[in-house]
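Taking it in order: structure first as structure tokens, then the write-up.
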Amino acid sequence: GDSSFKSFSVDSGKQVQAMFGHRDLVTCISITDVNVSLHIPHTRLADGIIVTGSRDATVCVWDWNGKLQRVTGIDGKHASARSVLTGHVGQVECVHVSGEQGTVISASRGSPILLHRVTGELIRSIKVPAHFSTPSSLLITKRCEIVAHYADKSGYLAVFSPNGDVMNTQELQEQVLSMISDSEGNYLITGGFNLTPVVRSIKTLSPVLRLAPCQSAIRVLSLSQDQRFLIAGLTNGTINIYPVDLRRIVGDQYSAAN
């Protein structure tokens, strides 16, 4: 590898750009939702933020210009990282960026989760349980809660408060390959090798809904903008679409509790 990450045209399949900012292989990437307003300084010319983690133990933050369909600098022209986030001592295994909050979380093996501002300042170092050593996925909810998946043993989920305190953990019976939260931060949806998308309460991490199994392992999950459909991309190259109205689940649970 050449320590770069590349963008390609969906229409032509041709490479559009290669970005260099790391000193070693890029290991993970996260992109803000283009439908979310960026609450980030100096993004007048950017429609999104891309974050990359690397084997060199750093995290780079990049501006994405939707009009040009390219990574640009904060001047709107030269493609360079807007900031480099440090603090890890080993390879960065996973990253997640929140455009709404202007924050980045990242994790490396056997180390705390780091919470940075996209401008580079370290906000918090979050200590994880001693038996969590192999991070594989991270996300930040609308309520600023942090959810982490660790691939140790059969897999673990953990949710941390905005202050970095452990709110809940749960041992799983599968390795999760993808997880997302709903727009309100009430639910976590996971998918992986057991083929079944599972909707969980973020506060308890307990399942509230299991959907029909897929034909192969679930590699990536996404929710439609209106939160009424779940899209699952599978390892066999197919896509499954589920009608799943999360607002109705909230209403049904409220009715049951009263």
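This table checks each residue for (1) of a type in the set (S, T, N, Q); (2) at pLDDT 95 or above; (3) surrounded by fewer than 17 Cβ atoms within 10 Å (Cβ to Cβ).
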residue: 169; (1), (2), (3): yes, yes, no
residue: 172; (1), (2), (3): no, no, no
residue: 178; (1), (2), (3): yes, yes, no
residue: 182; (1), (2), (3): no, no, no
residue: 214; (1), (2), (3): no, yes, no
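Scanning the range 99-113 for residues that are in a strand (DSSP E or B) and either within 15 Å of residue 150 (Cα to Cα) or open to solvent by 10 Å² or more (accessible area, probe 1.4 Å) (or both) yields 103, 105, 106, 107, 108, 113. When the range 194-208 is filtered for residues that are under 24 Å from residue 165 (Cβ atoms) and open to solvent by 20 Å² or more (accessible area, probe 1.4 Å), the ones remaining, listed by number, are 201, 203, 204, 206, 207, 208. Checked against (1) modelled with pLDDT under 95; (2) open to solvent by 20 Å² or more (accessible area, probe 1.4 Å); (3) over 21 Å from residue 230 (Cβ atoms), residue 165 meets all criteria but (1).
One residue alone among 69, 91 is exposed (fewer than 15 other Cβ atoms within 10 Å of the Cβ) and farther than 19 Å from residue 188 by Cβ, and that residue is 69.
In the range 69-86, the qualifying residues are those that are within 15 Å of residue 22 (Cα to Cα) and not aliphatic (A, V, I, L, M), and the one that is modelled with the highest pLDDT is 86. Pull up the range 114-127, narrow it to residues that are modelled with pLDDT under 95 and of a type in the set (Val, Ile, Thr), then point me to the one that is least open to solvent (accessible area, probe 1.4 Å). Across the range 114-127, the extreme among qualifying residues is 118. Residue 48: open to solvent by less than 10 Å² (accessible area, probe 1.4 Å), in contact with a strand residue (DSSP E or B) (Cβ under 6 Å, 6 or more places away or on another chain), over 26 Å from residue 111 (Cβ atoms) and modelled with pLDDT of 85 or more, yes or no? So residue 48 passes the test.
Looking for something over 17 Å from the mean Cα position of the chain (by Cα), within 28 Å of residue 132 (Cβ to Cβ) and modelled with pLDDT of 95 or more - is there at least one such residue anywhere in the range 223-238? Within the range 223-238, one or more residues are over 17 Å from the mean Cα position of the chain (by Cα), within 28 Å of residue 132 (Cβ to Cβ) and modelled with pLDDT of 95 or more.
Scanning the range 91-117 for residues that are touching a residue at least 60 places away in the same chain (Cβ under 8 Å), of a type in the set (A, V, I, L, M, F, W, C) and over 10 Å from residue 59 (Cβ atoms) returns a single hit, 94.
For the range 132-144, a residue qualifies if it is in contact (Cβ under 8 Å) with a residue 40 or more places away in the chain and either open to solvent by 10 Å² or more (accessible area, probe 1.4 Å) or part of a strand (DSSP E or B) (or both), and the qualifying residues are 134, 135, 136, 137, 138, 139, 140, 142, 143, 144.
The values are calculated or read from the model by the stated rules, or taken from the named source; none is laboratory data. Since this is a predicted model, take the numbers as computed values, not measurements. A quick note on method: Cβ atoms are made from the backbone with ideal geometry, for glycine too, and the neighbour counts reach across all protein chains shown. Side chains included, ligands, DNA and RNA excluded: accessible areas come from the protein's heavy atoms. Shrake-Rupley method; radii C 1.70, N 1.55, O 1.52, S 1.80 Å.
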